[in-house]
Every structure is written in structure tokens, then in C-alpha cells.
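See below for the structure under consideration.
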Amino acid sequence: MQLNETQLQEFAQNGFLVIQDFYDADDITAVQVGIHAIIGQVMQRHEIEDTRPPFSSETFDAGYMDLIRTNRRWGGEIYDLVKEIPAFNRLIAHSAHEELMRQLRPGAIPGLTSGGSGIRIDNPNEDKFRAMWHQEYPAQLKSPDGLVFWSPLVKVTEDLGPVVFCPGSHREGQIPVCLADPENAGRSGAYALKLAGEEKLLARYEKVAPLSSPRDLVVLDFLVLHASGYNRSDRPRWSMQFRYYNLANPVGRGHGWSGSYAAGVDFRTIHPELFVEADNG
């Protein structure tokens, strides 16, 4: 896909870009079919009668909420398994992502983060797993000029809690972080990081939460401030994320393109200058 000048300027100004109907419908349906099949297999494993309707793109996750209401850990099984859907893994390395990165990052050499792809399942009213305000770089490392490719598998409405962005915040550069668990949810690793001076920082920016549908793609800069919305609906918010980084970035090259917490690396050992002991307001 060739971006037009307006789209290129929008990304440069805001740090993110919403592209409607980016993916082929068949590619998205194949991922949904895989999720539907996995839910059925988990039902069979735990001897739960499968009374779901036949597959449809609108109700591909039928039965999931019944499973986690019976045993929340069964949802964890599904979360791990959906990452292994072949159709999902084909999308991860789609050449269209490289093409977009080269347009948005002229001169970049695209790399695909090995631990940076997955399918999120944001369950209704389950705020403890919600992504707090953050930049992507501390959680991923690799290079600070990376891109996140985010795409919903369900139609995102206001009550599903769309992702919230601070347009233009990527121009802040890399923001120091501290360890915190503001909602006392037992967070660890990257999920326990909090932006230093978060309240004052966020007050400087407008907040936008664009709605999106299956096939749409949201591309965001690794440094743009964003957070998960609050799901107050009656179904999960299913979404796919892929993360690419720039091998030619000198910061990433300087630390050997190290991964972050998912790779067993503590962000503080790579960037001690970006860590503060306590929030400074």
C-alpha cells in the first residue's frame, strides 16, 4: 500500500495513523476461524458441552465468556494458544508491514521483534490486565524508532474501550519511568512501569480514542503515549499486535538490539538514565 502525503504528514504530526480496510477480509476471517476452533478444543479438553452456533465472524468467540466464568485459568490457555494460529503468524510477517515501515521510516532496515507479537484478549471489567499509560520502547527495546501494528478482530465501540492516544507525544522523546503498581493489581515487569511525572505529562496533551473495525490497521510510533481503554461491554476486546524495529537505529545498535522484559532483560540495565526511583509528580 502506498501512503499519500496527507497520511505521511498525519503520522509525523500525531505519532499514529489509522488505515481503514488495510487487511484482506479472508486473512482476518482465517484468524477468527482459528480462535473459534481453539475455544472448541479447550471446551473438549475440560469436558464442557459445546452448544455454540456455527462459526461466523461476528460471533467467532462464542463460548469464551462462559469458559472463563467457569474457570478463569481456561482463558489463559486460550490466550497462549491463539498466538500459535498459523493464519495469525502469516500476518505477522506480511510484506505490507515492511513496506509501510519503509515509507514511515525512510532508510530503515525493518526487523521483527521475536517476542513482540500476540493477540490480546481484554476481558470486560478486568482492569488488572489493562495496559497503563506508556511508551512502547521500555517494554520492547530493540530500537526507539520502532512501530506497533495494531488491528482489532472485533468492531471496537466506545463501551469496548478503544486504545487512547496522546497525539504528538512522540516528540517528547524517551521519557523516564519508575516502578509502580498504581492500581495495586500485582503487576510486574513492563506492566509495572509508570511514566515519571505522568500526571503533569498527560495534562499537556489531548486524548483521542479512534474507533476501528476488523481489517483496519493502527500504526503507532514506539514513543507515542497510549493506554488501553476500559472494557465495559459484555464481550472481550480481541486485537492483534505486531512490532517492528529499525536495525539501522544507532541507539538499538549500541545496545545490540536487546529485547526487554519478555526477553529476560530488565530495561534499567540497558537505560539506567531513563529510570527514576520514584514518581516525581
In segment 137-166, anything closer than 20 Å to Glu199 by Cα and at pLDDT 95 or above is listed as Tyr137, Val163, Val164, Phe165, Cys166
Of those in segment 131-161 that are touching a Phe, Trp or Tyr at 6+ places or on another chain (Cβ under 7 Å) and charged (D, E, K, R), the residue nearest to Arg215 (Cα to Cα) is Glu136
Over segment 201-223, the set of residues out of contact with any Asp or Glu (no Cβ under 8 Å at 6 or more places or on another chain) and not small (Gly, Ala, Ser) is Leu202, Arg204, Tyr205, Glu206, Lys207, Val208, Pro210, Pro214, Leu217, Val218, Val219
inquiry  = Going by what's in this entry, would Gly107 be described as over 16 Å from Phe222 (Cα atoms), without any contact (Cβ under 8 Å) to a residue 60 or more places away in the chain and small (Gly, Ala, Ser)?
reply    = no
Flagged pairs (Cβ under 8 angstrom, 6 or more apart or on separate chains; first in segment 111-134, without any contact (Cβ under 8 Å) to a residue 40 or more places away in the chain; second of a type outside the set (D, E, K, R)) are none
Across (1) under 17 Å from the mean Cα position of the chain (by Cα); (2) at pLDDT 95 or above; (3) surrounded by 17 or more Cβ atoms within 10 Å (Cβ to Cβ), Ser169 clears everything bar (1)
Leu112 - would you say it is among the hydrophobic types (A, V, I, L, M, F, W, C) and within 15 Å of the chain's Cα centre (by Cα)?
yes
Exercise for review: Determine whether segment 234-252 contains at least one residue that is under 26 Å from His97 (Cα atoms), surrounded by 15 or more Cβ atoms within 10 Å (Cβ to Cβ) and touching a His at 6+ places or on another chain (Cβ under 8 Å).
Suggested key: yes
Conditions (1) touching a residue at least 60 places away in the same chain (Cβ under 8 Å); (2) under 30 Å from Glu98 (Cβ atoms); (3) crowded, with 19+ Cβ neighbours inside 10 Å -> His36 fails only (1)
(message) When you scan segment 155-166, do you find a residue that is farther than 24 Å from Leu112 by Cβ, touching a strand residue (DSSP E or B) at 6+ places or on another chain (Cβ under 7 Å) and surrounded by fewer than 20 Cβ atoms within 10 Å (Cβ to Cβ), even just one?
(response) yes
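The values are calculated or read from the model by the stated rules, or taken from the named source; none is laboratory data. Model, not experiment: these values are computed from the prediction. For neighbour counting, all protein chains shown are included, and Cβ atoms are generated from backbone atoms with ideal geometry for every residue, glycine included.
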